[in-house]
Each structure stands twice: as structure tokens, then as C-alpha cells.
Amino acid sequence: MITRSRTRHIEETTDPEEAEGRKKQIVVPSAIRTKRQKRDEQGQVVRYKARLVAKGYSQRHGIDYEETYSPVAYLNSIRAMLAKCSAEGMEIEQCDVDTAFLYGKLEEEIYMELPEGLRELLELAEAEGKDDVVCMLLQCLYGLKQASRVWNETIDKHLKSMGFEPADANPCVYTRGEGGDECTVCLYVDDMLIASKQKTVALSSTEAEYMALINCVKECVWMRRLLKDIGAEHVGATVIYEDNQGAMALAKNIGYQAHTKHIDIRYHFIREKVWRRKIREIGDCC
């Protein structure tokens, strides 16, 4: 793999004619930039951390990459796993995969121009003065659009080879064994921000509460499925607390009412869960 100090898996292309024929697949990287200083316990600088980054914005869909989506564990998945570990007295450990994106092997054939000052590091002194020398990336590099997806596919294959099975409710939660031999792995990336507004316009406070309630019910249904996947199935109905009497009546009772007839039928999904005893009778908030 390519690391901060080693470049074993970079293949050079020194033939100018060959490089010219590959121009349509070249992704130009940025120059090496010093990110920050690494200090020891006494505050002394022990090394400088630098990173070679490819300019992924110059990649073209269908040529240099295809899919880019990579799943991560939701925060509520992590909370559920921590709650289970606490309840069952399981040991919790945290680990970090150093330079994770650099482990994935590329399927696409991507060539990269060398930034100034890197040729000596790559032992390409003989190529000095040749502007058409490029290198082929055998593995992922920071900045590539598909880097996160390739890493996820790599760790997924590795965990499955070790006997772990992904949960249906969240593919980033893996389990293996049961009882005293049970082990759960949760893949998490800490750079996430999710924010949104209510997607529909409500005409009354009851309607607004009812719409918000359905989102809570959907979350409960998903959480019950996740708990079942990780061996902590919830028995009985889930209790939801609601402080709006009108929303409570809509959830528990069927009937035609003039002031609620316009509500989209999809929001009555909660009634089905109440009837199926997945959601217990909704009580008032304290």
C-alpha cells in the first residue's frame, strides 16, 4: 500500500508514447503539503505529517470511477450496541485503522502525474526532465472519489472471511458467534452531520405532531430489527410517549373526521403498528 513514508505499490510509466495514449485516464494529484507537526510528550517536534492527495474533482464518471457511496454505522446503531454491551457485561474496545483508505485495491486503471519534488522519493531520478512520466495507482489514494467505497468493500470482505455477518438493519454492524463467544463489530466514521426540516407543511399542531410521530414509529421499527440482528431482540410492544391528545387519538382510532381527512394515508402507518402490537398504547409525556 501507499503510506506516508513508503511508496512500494506505485508503478512507473516511463514510456512517453504510452503515457500519451493514457492521457484520458490521468488524474492529476496535488503537491505534497505538510499538514501538521507531530510532537512528543515534551512538546518537541518528532516528525512532520504530510499527505499526497489526488485531485479527485478532475475524475470523470464512467471513466475514472463508477459508484462512490459508502455506508457507515448510524449513531443510534452505536448507542444500541453500547446499551447491549452494558446490559450483558460485554467488554468494549475501540480501534483505529491507520491510513484506512490506502488499503483498497483499485479496479479502474488510473494514471497520476507526479508532483514536483516527488521523483527522487520514488527513485525516478532517471525520469527527471520528462514531463510525460506518470505512475499507475495500484491502490487507492486520498482524494479519489471512490476511495471510501473501495475501503468499505475491502473491510467488508475481510470481516466476512473471518466469519462475521452484517446486520440487515445496518450493513456496518457485524456479528459473529453467540453467548460467551459473541463478538460485534461496528464500522464508524466520525465526520457526519445530518440536519433536516419537516418535509411537509402541517395545517395544525395535531397534524404536525402526528407527522413527527410517524418518524418516531419508523425509527422504532428499525431499532427493533437491529436489536434482533445483534441478538438482543425486544419482546413485546415498544412504548412511545406523546403529549398531544389529538395525535394520540389519530394513532389509535380509525374513522372519518372532517378536519383530518386531508392527511396523507401514508401517515396512518402508525395505526398498523399499533394494531399489530409492535407499538404499545401511546401515553402522555411526564
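The values are calculated or read from the model by the stated rules, or taken from the named source; none is laboratory data. Just so you know, these numbers come straight off a predicted model, no measurement behind them. Heads up, the Cβs are rebuilt from the backbone with ideal geometry, glycines too, and the neighbour counts pull from every protein chain shown.
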Report summary line: In region 167-191, residues that are at negative phi, of a type in the set (G, A, S) and not in a loop (DSSP other than H, G, I, E, B) total 1
Query raised in the report: Tell me, which strands (runs of 3 or more DSSP E) lie completely within region 1-80 with 3 or more residues that are basic (K, R) and modelled with pLDDT of 65 or more?
Result: 33-39, 45-51
Report summary line: If we ask which residues in region 41-75 are exposed (fewer than 14 other Cβ atoms within 10 Å of the Cβ) and in contact with a helix residue (DSSP H, G or I) (Cβ under 8 Å, 6 or more places away or on another chain), their number turns out to be 3
Report task. Of all residues in region 149-192, count the ones that are of a type in the set (K, R) and either in contact with a strand residue (DSSP E or B) (Cβ under 8 Å, 6 or more places away or on another chain) or farther than 23 Å from Y65 by Cα (or both). Result -> 2
**Report entry** Close pairs (6 angstrom Cβ cut-off, 6 or more residues apart or separate chains): touching a residue at least 60 places away in the same chain (Cβ under 8 Å) and of a type in the set (D, E, K, R) in region 82-103, part of a loop (DSSP other than H, G, I, E, B) and surrounded by 13 or more Cβ atoms within 10 Å (Cβ to Cβ) anywhere
**Finding:** K84/A232
Requested in this report: Pick out the one residue from K218, K197, K160 that is at pLDDT 85 or above and either exposed (fewer than 15 other Cβ atoms within 10 Å of the Cβ) or closer than 30 Å to A100 by Cα (or both).
Outcome: K160
